[in-house]
Amino acid sequence: MTAPTPRPGIMDIRPYVGGESAIEGVSRIMKLSSNEGALGPSPKAVAALKAMAGEIHRYPDGGATALRKALAARWGIDAERIVCGAGSDELLGILCRAYAGPGDEVLYSAHGFLMYAIAAKACGATPVTAPETDLHADVDNLLKAVTPKTRIVFLANPNNPTGTYLPAEEVKRLRKGLRDDILLVIDAAYAEFVSKNDYSAGVELVEAGNNTVMCRTFSKIYALGGLRLGWAYCPADIAGVLNRVRNPFNVGSAALEAGLAALEDGPYMELCRSHNDYWLPWMLSEIKGLGLPVTPSVCNFVLIQFPLTEGRNAQAADAFLRAKGIITRAMGGYGLPDWLRITIGSGEENQAVIQALAEFTARWK
Ligand code: PMP
């Protein structure tokens with residue numbers, strides 16, 4: 001019997017595998033594999049979630065009106081040009097579906113976020129990567145990789161898994177160097193963690209033209225990954241396109257309510273930011289102190305390099321940490337076989353990671 005066959009390219013997609021959340025036989029784990037906020041969500045978001053439980057028989061507001069208004073007020077932007085999604089993953093996928101298809105190219109940096117390849121292939125387009133320089137996106141290389149077929153450029157700023165960022169001026173240079181008919185998507189999932197003066201999430205580029213979109217998420221600093229909530233800030237025409245393509249009720253009411261409460265709890269967000277501001281440099285300096293190279297991350301995770309030698313490599317480090325109940329993420333799937341990514345956790349978790357890494361590297365002496 002012949003079976004239905006998917007469109008060409010679909011079977012080339014390597015399914016996305018999220019960070020693990022359990023270790024068999026270990027009850028107390030430290031999950032530091034998915035860059036989830038170290039302190040968990042705002043208690044006000046959790047309370048809002050509980051309070052709306054009696055309403056889940058109702059469809060959500062398909063236009064996410066209250067949340068878009070609150071986002072507009074919080075960031076000083078136009079609510080009409082915000083589109084919410086079931087995580088920013090959904091928005092990246094919708095952007096590809098709307099603006100690229102078979103024969104088109106979708107361009108991004110070599111170690112860019114894995115979803116870009118999935119979203120490109122799922123809509124029949126061809127993913128193209130440009131080389132990085134020292135694990136930083138490289139504007140010249142991206143511009144060199146543009147062809148007449150390029151339709152979308154994805155730039156994660158800062159990037160996962162490298163943790164590195166491009167200063168606002170460089171992103172502007174990228175936009176200037178691209179043809180006007182190429183959509184630039186600035187994926188700023190980790191924007192709230194960045195404390196560099198020369199960084200911008202990209203709002204001004206969205207507002208300066210009709211061809212740049214910024215994507216944001218509630219999964220990282222707001223720690224609401226389980227609810228799936230993201231948003232895109234777009235030129236008006238692009239918002240109109242996304243609203244045609246997205247599902248009618250793409251964001252559930254639980255996500256809308258909890259997201260709104262999280263957004264309104266400014267002090268808690270600041271607490272999460274200060275936590276990262278303290279622990280990120282601490283982790284970077286402790287890791288360097290152990291003699292391990294680490295990228296200059298500005299996010300809520302660190303990316304550490306291990307030798308390729310058996311017993312000392314990133315897989316061995318991952319296994320060593322796992323035996324202590326610490327779940328991290330070896331980056332082989334991102335084409336970084338010698339690197340391990342570890343999320344910034346609570347103070348206790350960060351100290352446990354450094355202690356374990358010290359034990360791991362001490363075995364080499
Ligand atoms: N962009 C980047 C760079 C990410 O790291 C992630 C999460 N891993 C996402 C987008 C997607 O986030 P979400 O779908 O949870 O909003």
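The values are calculated or read from the model by the stated rules, or taken from the named source; none is laboratory data. Computed from a predicted model, the values in this text were never measured in an experiment. Because the Cβ atoms are built from the backbone with ideal geometry, glycine has one as well, and the counts that use them run over all protein chains shown. Keep in mind that these areas ignore ligands, DNA and RNA; they rest on the heavy atoms of the full protein, side chains included. Shrake-Rupley method; radii C 1.70, N 1.55, O 1.52, S 1.80 Å.
Results, tabulated for the structure shown:
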read-out: Relative contact order computed over region 174-320 (Cα-Cα under 8 Å; 6+ residues apart), in percent; value: 18 percent
read-out: T65-K176 FRET efficiency (beta carbon distance; Förster radius 45 Å; 0.05 resolution); value: 0.80
read-out: Dipole magnitude of the chain, debye to nearest 20 (Cβ charges: Lys/Arg +1, Asp/Glu -1, about Cα centre); value: 480 debye
read-out: Distance between modelled label sites at D237 and L114, nm, 7 Å Cα→Cβ extension; value: 3.6 nm
read-out: Computed label-point distance, nm, for sites S195 and Q355 using a 7 Å Cα→Cβ extension; value: 2.5 nm
read-out: Residue-normalised accessible area of the chain, given per residue in Å² at a 1.4 Å probe; value: 44 Å²
read-out: Residues whose placed amide H lies under 5 Å from that of L107, excluding near-sequence neighbours; value: V128, R151, I152, V153, F154
read-out: Full-extension gain in nm, T2 to A323, via 0.36 nm per residue minus C-alpha separation; value: 110.9 nm
